[in-house]
Amino acid sequence: MKQTTIYRLDYQPPAFWVDETHLRFELEADRTKVFAKLLMRRNPEAAKTDLCLDGDALKLIALRLNGDEAKYD
């Protein structure tokens with residue numbers, strides 16, 4: 001993986017504030033399931049952007065937004 005230099009001037013205010021994080025882990029011999037519930041709100045002082053969830057080598061099983069099944073790619 002190529003490393004990229006990130007400068008302080010490149011940082012922007014977060015688009016969303018995370019007020020609460022709830023995590024549950026199910027540990028098995030060959031895998032781990034992580035259940036995460038995030039209570040978030042948009043930062044009114046940040047540029048309006050879509051919420052982007054990044055993860056390496058992860059398999060997304062389900063995503064719900066405000067209790068409803070959400071579409072994702």
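The values are calculated or read from the model by the stated rules, or taken from the named source; none is laboratory data. Note that the structure is a prediction, hence the values are computed from the model and not measured. Virtual Cβ from ideal backbone geometry, glycine too; neighbours counted across all protein chains shown. Remember, those area values only see protein heavy atoms, side chains included, never the ligands or the DNA or RNA. Shrake-Rupley method; radii C 1.70, N 1.55, O 1.52, S 1.80 Å.
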Could you say which residue among LEU38, LEU58, LEU65 is in contact (Cβ under 8 Å) with a residue 12 or more places away in the chain and of a type outside the set (Phe, Trp, Tyr)? LEU38
Does ALA36 meet the test of being open to solvent by less than 80 Å² (accessible area, probe 1.4 Å) and outside any loop (DSSP other than H, G, I, E, B)? yes
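Okay, residues lined up against (1) aliphatic (A, V, I, L, M); (2) open to solvent by less than 80 Å² (accessible area, probe 1.4 Å):
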residue	(1), (2)
ILE6	yes, no
TYR11	no, no
TRP17	no, no
ALA47	yes, yes
GLY55	no, yes
ARG64	no, no
Looking for something modelled with pLDDT of 95 or more and aliphatic (A, V, I, L, M) - is there at least one such residue anywhere in region 24-34? yes
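I want to confirm something. Restricting to region 19-33 and keeping residues that are assigned to a loop (DSSP other than H, G, I, E, B) and of a type in the set (D, E, K, R), which single residue is least open to solvent (accessible area, probe 1.4 Å)? Explain how you work it out, then say what you get.
So the first thing to find is which residues in region 19-33 are assigned to a loop (DSSP other than H, G, I, E, B), and the list is 28-31.
Okay, now just the ones that are also of a type in the set (D, E, K, R), so 28, 30-31.
On the way: GLU28: 82, ASP30: 130, ARG31: 128 Å².
So the residue we want is GLU28.
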